[in-house]
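The values are calculated or read from the model by the stated rules, or taken from the named source; none is laboratory data. These figures come from a predicted structure and were not determined experimentally. Backbone-built Cβ (ideal geometry, glycine too); neighbour counts: all protein chains shown.
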Amino acid sequence: MKNKKITIFITSFMFLFVLVPIAFAAVVTAGPTTLGGVTTIVDTVITWVQTIVFLIAILMIIWAGFTWMTAGGDEEKIKTARSMLLWALVGIAVALFAGVAKTFITNLIS
């Protein structure tokens with residue numbers, strides 16, 4: 001019984017103080033180590049955000065058109081559709097500006 005407790009203690013000690021730090025050391029070295037790595041990550045994030053914003057804006061434009069077409073002369077629905085269309089276009093403009101800003105900053109850093 002005593003040997004079993006010692007074996008469990010030694011195994012736990014090895015796991016906690018030998019194997020776990022090795023695993024964490026492998027994770028820590030996975031990040032970007034140069035400015036080029038950081039710019040690559042920022043470029044990827046901005047590209048994904050732009051894609052998502054463009055998709056949402058396209059869906060908003062389609063929904064605004066549908067709302068406008070089915071308004072049936074109701075001024076409140078037409079006003080809502082115009083507002084949706086305006087904000088979709090603002091979203092597209094912001095996404096395009098983010099792409100231009102990304103290019104400008106990348107050229108400035110390089």
Q: Could you list, in sequence order, all residues of the stretch 24-51 that are among the hydroxyl-bearing types (Ser, Thr, Tyr) and either at pLDDT 90 or above or over 17 Å from the mean Cα position of the chain (by Cα) (or both)?
A: Thr29, Thr33, Thr34
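I'd like the residue in the stretch 36-72 that is touching a Lys or Arg at 6+ places or on another chain (Cβ under 7 Å) and not acidic (Asp, Glu) and, out of all such residues, is nearest to Asn107 (Cα to Cα). Step through it out loud before you land on a result.
Narrowing the stretch 36-72 to residues touching a Lys or Arg at 6+ places or on another chain (Cβ under 7 Å): 43, 46, 67, 71.
Within this subset, residues satisfying the condition of being not acidic (Asp, Glu) are 46, 67, 71.
Numbers: Ile46: 15, Thr67: 43, Ala71: 48 Å.
Among those residues, the one meeting the criterion is Ile46.
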Q. Scanning the stretch 52-93 for residues that are within 18 Å of the chain's Cα centre (by Cα) and surrounded by fewer than 14 Cβ atoms within 10 Å (Cβ to Cβ), which turns out nearest to Thr40 (Cα to Cα)?
A. Ile52
